[in-house]
Amino acid sequence: MSGNSLVKPTHNINIPRPGSAVRGSKTGQPIMVLFDLLGRRWAMGIIWNLYETSCTFRTLQTRCESISPTVLNTRIKELRAAHIIINTPNGYALTEQGRSLYMLLSPLGDWSKEWVLHLRE
């Protein structure tokens, strides 16, 4: 957590946890726990939209286009509990872990653009 005092305890947030069953893994392997979290509706879109700059709730909602306020609020709570995003004075932003995650996922975005071309063949 790199000592940031803005992160609040989030004991009641339902996020996947290592060692607990998640989609695709009865034993809760860490990679599957991460995929379960990232596979939730709009989770990746929120991370993508926070990479370049922090955003207020309304700005993030506008950038995510069709996301409902309820879903956005839920995903923000989950991603905060997972230490991927944080609430700052300027709005929501990626934590150091969130930025690191984005950098790992970004090449998959590039790979997917090539992959989808092969699906059209």
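Read the figures in this text as sums done on the coordinates, not as results from a lab. For clarity, every value in this text was computed on a predicted model and none was experimentally measured. Note that each Cβ is placed from the backbone with ideal geometry, even for glycine, and that neighbours are counted across all protein chains shown.
Structure above, values below:
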| item | result |
| --- | --- |
| Cα lying deepest toward the dipole's positive end in the stretch 41-119, options Met103, Thr53, Ile67, charges on Cβ | Ile67 |
| Residues with amide H under 5 Å from that of Arg17, placed H, sequence gap 5 or more | none |
| Correct choice for P(r) over Cα pairs in 10 Å bins from 0, in percent that was computed from the model, options (i) 9, 13, 12, 10, 9, 8, 7, 7, 6, 5, 5, 4, 3, 2, 0; (ii) 12, 29, 30, 22, 8, 0; (iii) 12, 40, 35, 11, 1, 0 | (iii) |
| Assigned charges on the beta-carbon of Lys, Arg, Asp, Glu; the chain dipole about Cα centre (debye) | 420 |
| Phi-based couplings in Hz for the stretch 63-80 (Karplus 6.51, -1.76, 1.60; Gly and Pro marked x) | 5, 8, 6, 8, 6, 7, x, 5, 5, 4, 4, 5, 5, 4, 4, 5, 5, 5 |
| For Ile85, distant residues with modelled amide H under 5 Å away | Arg80, Thr95 |
